[in-house]
1. Test of understanding: among ASP77, ASP83, which residue is within 10 Å of the ligand (Cβ to nearest atom), more than 16 Å from ARG38 (Cβ to Cβ) and surrounded by 13 or more Cβ atoms within 10 Å (Cβ to Cβ)?
2. Hey, ALA75 hits all of (1) in a loop (DSSP other than H, G, I, E, B); (2) at pLDDT 95 or above; (3) over 16 Å from the mean Cα position of the chain (by Cα) but one; which does it fall short on?
3. Hey, THR93 hits all of (1) β-branched (Val, Ile, Thr); (2) modelled with pLDDT of 95 or more; (3) open to solvent by 80 Å² or more (accessible area, probe 1.4 Å) but one; which does it fall short on?
4. Go through region 56-68 and give me each residue that's within 8 Å of the ligand (Cβ to nearest atom) and either crowded, with 19+ Cβ neighbours inside 10 Å or in a loop (DSSP other than H, G, I, E, B) (or both).
5. When you check ALA116 against the structure, is it within 11 Å of the ligand (Cβ to nearest atom) and either open to solvent by less than 40 Å² (accessible area, probe 1.4 Å) or under 17 Å from SER45 (Cβ atoms) (or both), yes or no?
6. Which residues, counting only those in region 36-55, are within 9 Å of the ligand (Cβ to nearest atom), without any contact (Cβ under 8 Å) to a residue 40 or more places away in the chain and outside any helix (DSSP H, G or I)?
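The values are calculated or read from the model by the stated rules, or taken from the named source; none is laboratory data. The structure presented is a predicted model; accordingly, all values stated were derived computationally and were not measured. Note: ideal-geometry Cβ built from the backbone for every residue, glycine included; neighbour counts use all protein chains shown. Protein only, heavy atoms only, side chains kept; ligands, DNA and RNA dropped before computing areas. Shrake-Rupley method; radii C 1.70, N 1.55, O 1.52, S 1.80 Å.
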Amino acid sequence: MTIVTRSQKSLPLLVLLCALSSLFGGCQYDVEDPCSERSAAYNASVASVFNAHCAGCHGGTFPEAGLALDDFESAMDATLSGDVLYRISLPATDPLAMPPNGSFGSCDAALIEKWASLGAPEFQ
Ligand code: HEC
């Protein structure tokens, strides 16, 4: 009986401590680069970014502008040539910006830039 009373009293304190610790944990996480978790390698992250945002048009049998981004070799060539980096660096309002719907986030662009700076590795 005594134990139950004690734990009931300390419950609000425990809830408060949990809330505070997760709050501070959240603050620390925000200070870190939120994009840094993904390894910049084709198999680890880059393929899924291209597949999600580019391959719908730049893939399949007749890719737009003859550019296939659903294939490692071709995605690597277009990225190291600077074509991909140029298009994804443009503001979404620019008619040449890729993807045309502006769905690319800053972390996606940062990942592709990092991948290019590493020489576009296929595996991590
Ligand atoms: C909705 C369809 C669509 C999506 C999605 C799309 N593109 Fe494009 N892309 C096009 C079209 C159409 C062209 C040709 C017209 C032009 O050059 O703007 C093109 C051209 C390009 C070119 C120039 C190719 C060349 O040789 O002239 C690059 C580079 C490019 N896209 C990269 C990308 C990247 C990277 C993504 C994803 C982040 C992407 N695109 C998403 C439709 C799309």
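1. Working: ASP77 fails: within 10 Å of the ligand (Cβ to nearest atom).
After ruling out the rest, the residue left standing is ASP83.
2. (1)
3. (2)
4. Here is the first cut: in region 56-68, the residues within 8 Å of the ligand (Cβ to nearest atom) are 56-58, 64-67.
Result: GLY56, CYS57, HIS58, LEU67.
5. On the way: within 11 Å of the ligand (Cβ to nearest atom): no; either open to solvent by less than 40 Å² (accessible area, probe 1.4 Å) or under 17 Å from SER45 (Cβ atoms) (or both): yes.
No: the conditions fail for ALA116.
6. Here is the first cut: in region 36-55, the ones within 9 Å of the ligand (Cβ to nearest atom) are 49-50, 52-55.
Keeping just the survivors that are without any contact (Cβ under 8 Å) to a residue 40 or more places away in the chain gives 50, 52, 55.
Listed by number, the list holds a single entry, ALA55.
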